[in-house]
2 protein chains.
Amino acid sequence: MTETSGRIARHRTADARVALTLDGAPLASAEVVVEQTRHRFLFGCIGFDLIDHANGTAADPERAARDAELWEGVFNFATLPFYWGRFEPERGRPDTERLRTAARWFADRGHPVKGHPLAWHTVTADWLLDLDNEAIARAQVDRIRREVADFAGVIDMWDVINEVVIMPIFDKYDNGITRLCRDIGRIPMVRMVFDAAREAGPNAVLLLNDFDMSAAYECLVEGVLEAGIAIDALGLQSHMHQGYWGEEKTEAVLDRFSRYGLPIHFTETTLVSGEIMPPEITDLNDYQVDSWPSTPEGEARQADEIERHYRTLLAHPSVEAVTYWGMHDAGMWLGAPGGLVRADGTPKPSYDRLHRLVNTEWGTPPTAVATDADGLLRLTGFLGDYRVTHRGREAAFTLAEPGEVRLAAALD
Amino acid sequence: MTETSGRIARHRTADARVALTLDGAPLASAEVVVEQTRHRFLFGCIGFDLIDHANGTAADPERAARDAELWEGVFNFATLPFYWGRFEPERGRPDTERLRTAARWFADRGHPVKGHPLAWHTVTADWLLDLDNEAIARAQVDRIRREVADFAGVIDMWDVINEVVIMPIFDKYDNGITRLCRDIGRIPMVRMVFDAAREAGPNAVLLLNDFDMSAAYECLVEGVLEAGIAIDALGLQSHMHQGYWGEEKTEAVLDRFSRYGLPIHFTETTLVSGEIMPPEITDLNDYQVDSWPSTPEGEARQADEIERHYRTLLAHPSVEAVTYWGMHDAGMWLGAPGGLVRADGTPKPSYDRLHRLVNTEWGTPPTAVATDADGLLRLTGFLGDYRVTHRGREAAFTLAEPGEVRLAAALD
C-alpha cells in the first residue's frame, strides 16, 4: 500500500462489523450480498449537458439517454448553471422552471445539486449596467433570495460568490458586479451575498469559490472569516488547461487552504486530453483556437493525471467534493478536449479510469460475503450507503465516519 | 505644462498671498528674500549608513560627514533599522542607546524618523525558535511596547509589521514569526502588533508594509480594515532591481491602493544604475553575484527613471512619502548599484537629478521677491515651511494645504 493509499484508507473508509438480523434472530453463518449504493464523498460533475435531457427537450434523445447513463456511472453530485446573464437575460424573466426540472431530475436520483454561481462579474446580467450601484446591490440581493428560495429542497448548495479576489479589479470589460464590488469592497460584498443566501436558505451549504490559489485567496478567506461571515465550504478551482499541477503543488494548495478548518470542495477540475495551453496565457479565456483535438497520447496522459489528481484529493481529509468540469468534449468551455467522453460519445480512457476508481477500487460492487456464527458481517468499505441482500430480503446501513464501527441492520 | 506637472501643482503647491508686517506696519514695496526651509512631502531615505556618524564611531569621519551632507542635501525623512535579529541578537540586550543617538541626530535636524520594522519573519531573532508560540507572541508584543516607548518623541512613526502576505507561508527557513502567524492567522497577528504599538504610542503613525503589489495585499488590507484595525498609512515597497515599473504600472498600483482612503508611503524604493536583475528571479534575495557594477549607461538610465518615478508619485494626492532604499552603493542590499552615490563617494547623475527636483523645481531656493504696495508677498510654492528675510529681520510661515491661501507673517 502506498502512503497515499494509506491516507485514503484512513480518511475515507470504515472497518465495520454489522450485526445482521432476520426476523429478530442473528443471521448466522449465512451468505449475503453487500454493495455500496452511494459514496459519501461527492464525486461531482457539471450537469449542464443533461438539462435538455431532464426537460425532455434533447435534440437527440437516445444520445442524451446514453450521456445520462455515462454520467450516473461515475458521478453522484451535479453542478447546474445560474450565470445571471444567461439565467435572466431579460430582467424579471428568469429561467427558473427549466432549471428546476433539471435539478429535480438529479435530486430524484439521489444526487445532490449545487447552483453555480449566485454572484460573479463574468457572464453577469448586462442590464445591471443601467443601474446605479445601490440598485445593483438590491438586484443582486433580490436575485439571491429568489433563487435560493425557489430551489430550496432541490438545490441546497450554492457557490454564492465566485472569484472575489479579482472581482473589483477585473478590467476586461465594464460590468455591474465589478462596479459594485470596487465601490463597497470585497468583504462587504461577500457579507451582503452570504447574508442574503443564508436568510433565504438557513440550511443550505454556502461556498466561496475562486480560481486564485495564491496568498491573495488566503488573505481574502482570512478577512472574510475574521469579519464573522460563515462560509460552509471553501471552493478551489483547478482548471488545468495549462497542465496537471502535480501532487506537490496540489498538496501545497491543500496544506495552505485546509488551515481554516473548513471543508474543501475542488469545484472546477479540468484536465485536457490534447495539447496543453501555453503557459504565457494568464486569462484562460484569451486562448482561442479553431480546433483543439483530443489525441491518443493526450488521452493516455489525461487518464493517468485524473487518477493522480483524484488520489491526491481523496488522501486529504478536508476534501469533501471534486467536481469535474465537463463529462463531454462537445460544448466544453474554450473548446478544450477536457471531457471524459469524446465528442462522438465514446468514453476516453479517463472515463474508464475514473469509473474503475469510483466503483471498484473505492466502491463495493455487489459482493458475496459470509456472516460469522454470531451473524456479524465484516466489511471494510468507503464511507457511504450500503445494501445487504439475502434471499430476496434486504437491509441498508451507512458507514458515516472513518475507523472502526459496530452497526446493526435488520433484513426486511 | 505636462499633465503630470499639472497634477503635481494641483496636489502639492499653494498660491499664497502673505501679508508681511514689520514692527506692526505692512512691509510695502520692499524686496525680501524668501526660501523654503522644509518640504511637507517626506523625501525619505534610509539612514542606516549614518548611525556611526551620529554616534561618533565612523571609521572614516570625514567621509561620514560628507555622506551626511549629501544625505541632507536631498532628504528630510529617515528610516532606521530595527530588525529584531540584529537589534536584539541576545535576548534582553537591545541596541537601544546606539539607535536612539542616531534617531536624535536626525530628529534634532528636523528630519522625522521611522523605525523599520517591529515585526517581520526575515532577520528576526533566532532565539524565538526556542519558545512556544504563546511565548513568541508575548515576546513580540513586549518588544513592540519597549521600542515604541523607548523611542517616543524621537521616533513616532513605525513600520509595525512587514510582508504579512507571505508571513505564514514563508518557507525559506524556519523562524518564530512565521510559526506564530501560521498558527494564529494574518489578521490576528496584525491586530496583536498594532494593538501593542498603539498602546505604547497613541500618537505614533503606524504603517502596514508589503512588497506584494498584487490583489493579495489588497485582500489583506481590506480584511485588516474590516476587522477594525486602524492603519495610519499604507506602505508599498518598490524595489525595482528587475527594472523600472514605468508610469502605467505605478499609476495602476496607486489607483488600486488609494481606494482605501489611507495615506500611501512608498517605503522602499530602489532603481539600479547597472545591469537589471533577470526577470525569472522571484525572491530578490536569491540573486547572488560577485560584482554588480554601476555603469555610465546604467547611471543615465537610473537618473531618468528616478525622475519619472518621483514625478508619478508626487502627481498622486495619496502619496505622502517616498523613501529611497539607500543613498550609497557601499553596503547596499544584494550588492546592487542602487545608490545615488557611488561606492567612492561621488554623486551619480541620479543624485543630481533628485537634488534639482527637490530643491529647485519643487523647492524654493533663496529668491528675491518684491512685496506690493499693501505689503503682500505673492508666492506659488510647494507645501512646507518658508522663511522670509529682510535686512536681517526674519519671518516664517507654512503652506499647509494646496490651493489659494492668505497668510500673515510678522518679521522679527
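The values are calculated or read from the model by the stated rules, or taken from the named source; none is laboratory data. The model shown is predicted, which means the values in this text are computed figures rather than measured ones. Glycine also receives a Cβ, built like all others from the backbone with ideal geometry; neighbour counts cover every protein chain displayed. When the accessible area is computed, the model is the full protein with side chains, heavy atoms only, and any ligands, DNA or RNA have been set aside. Shrake-Rupley method; radii C 1.70, N 1.55, O 1.52, S 1.80 Å.
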* **Residue in the stretch A:50-66 that is nearest to A:Thr270 (Cα to Cα), counting only those that are in contact with a helix residue (DSSP H, G or I) (Cβ under 6 Å, 6 or more places away or on another chain) and open to solvent by 30 Å² or more (accessible area, probe 1.4 Å)** => A:His53
* **Residue list for the stretch A:257-282, restricted to those being acidic (Asp, Glu) and open to solvent by less than 40 Å² (accessible area, probe 1.4 Å)** => A:Glu268
* Asked: Can you pull out the residues in the stretch A:43-79 that are in contact (Cβ under 8 Å) with a residue 60 or more places away in the chain and not in a helix (DSSP H, G or I)?
  -> A:Phe43, A:Gly44, A:Cys45, A:Ile46, A:Gly47, A:Phe75, A:Phe77, A:Thr79
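Yes/no per residue for (1) more than 21 Å from B:Ala396 (Cα to Cα); (2) in contact with a Leu (Cβ under 6 Å, 6 or more places away or on another chain); (3) outside the structural domain of B:Glu268 (by TED's automatic domain parsing):
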{"site": "B:Arg10", "(1), (2), (3)": "yes, no, yes"}
{"site": "B:His53", "(1), (2), (3)": "yes, no, no"}
{"site": "B:Ala59", "(1), (2), (3)": "yes, no, no"}
{"site": "B:Val74", "(1), (2), (3)": "yes, yes, no"}
* Of the residues A:Gly345, A:Gly384, which single one is over 20 Å from A:Ser238 (Cα atoms) and open to solvent by less than 10 Å² (accessible area, probe 1.4 Å)? -> A:Gly384
* To do: Evaluate the stretch B:188-196: report whether one residue or more is farther than 29 Å from B:Ala107 by Cβ, out of contact with any helix residue (DSSP H, G or I) (no Cβ under 6 Å at 6 or more places or on another chain) and not charged (D, E, K, R).
  => yes
* Please give the number of the condition A:Thr267 fails out of (1) polar (S, T, N, Q); (2) out of contact with any strand residue (DSSP E or B) (no Cβ under 9 Å at 6 or more places or on another chain); (3) within 30 Å of A:Val160 (Cβ to Cβ). => (2)
* Structure fact -> Scanning the stretch B:197-215 for residues that are open to solvent by 10 Å² or more (accessible area, probe 1.4 Å), hydrophobic (A, V, I, L, M, F, W, C), assigned to a helix (DSSP H, G or I) and more than 7 Å from chain A (Cβ to nearest Cβ) gives B:Ala200
* To do: State which residue pairs qualify: first residue touching a residue at least 60 places away in the same chain (Cβ under 8 Å) and inside the stretch B:378-390, second residue of a type in the set (Lys, Arg) and open to solvent by 50 Å² or more (accessible area, probe 1.4 Å) in any location, beta carbons under 7 Å apart, and separation of 6 or more residues or different chains.
  => B:Arg378/B:Arg17; B:Leu383/B:Arg40; B:Gly384/B:Arg38; B:Gly384/B:Arg40; B:Asp385/B:Arg38
* Before we move on, is B:Ile155 closer than 27 Å to B:Gly44 by Cβ and either open to solvent by less than 10 Å² (accessible area, probe 1.4 Å) or within 14 Å of chain A (Cβ to nearest Cβ) (or both)? -> yes
* Asked: Which one is nearest to the other protein chains (Cβ to nearest Cβ), of the residues in the stretch B:221-235 that are open to solvent by less than 20 Å² (accessible area, probe 1.4 Å) and of a type outside the set (A, V, I, L, M)?
  -> B:Gly223
* Residue check: is A:Ala252 closer than 26 Å to A:Lys348 by Cβ and part of a helix (DSSP H, G or I)? -> no
* Complete set of residues in the stretch A:365-378 that are touching a strand residue (DSSP E or B) at 6+ places or on another chain (Cβ under 8 Å) and open to solvent by 20 Å² or more (accessible area, probe 1.4 Å) -> A:Pro365, A:Pro366, A:Thr367, A:Ala368, A:Val369, A:Ala370, A:Asp372, A:Asp374, A:Leu376, A:Arg378
* Filtered residues of the stretch B:240-265 (kept if away from chain A (no Cβ under 14 Å) and either among the β-branched types (Val, Ile, Thr) or in contact with a helix residue (DSSP H, G or I) (Cβ under 6 Å, 6 or more places away or on another chain) (or both)) -> B:His241, B:Tyr244, B:Glu247, B:Thr250, B:Ile264
* Taking the stated definitions as given, is A:Glu218 surrounded by 22 or more Cβ atoms within 10 Å (Cβ to Cβ) and closer than 18 Å to A:Ala233 by Cα? -> yes
* Selection count where residues are in a helix (DSSP H, G or I), open to solvent by 10 Å² or more (accessible area, probe 1.4 Å), under 21 Å from B:Asp126 (Cβ atoms) and at the interface with another protein chain (Cβ under 9 Å from one of its Cβ atoms), scope the stretch B:165-196 -> 2
* Asked: Can you tell me how many residues in the stretch B:1-37 are of a type in the set (S, T, N, Q), open to solvent by less than 50 Å² (accessible area, probe 1.4 Å) and under 31 Å from the mean Cα position of the chain (by Cα)?
  -> 4
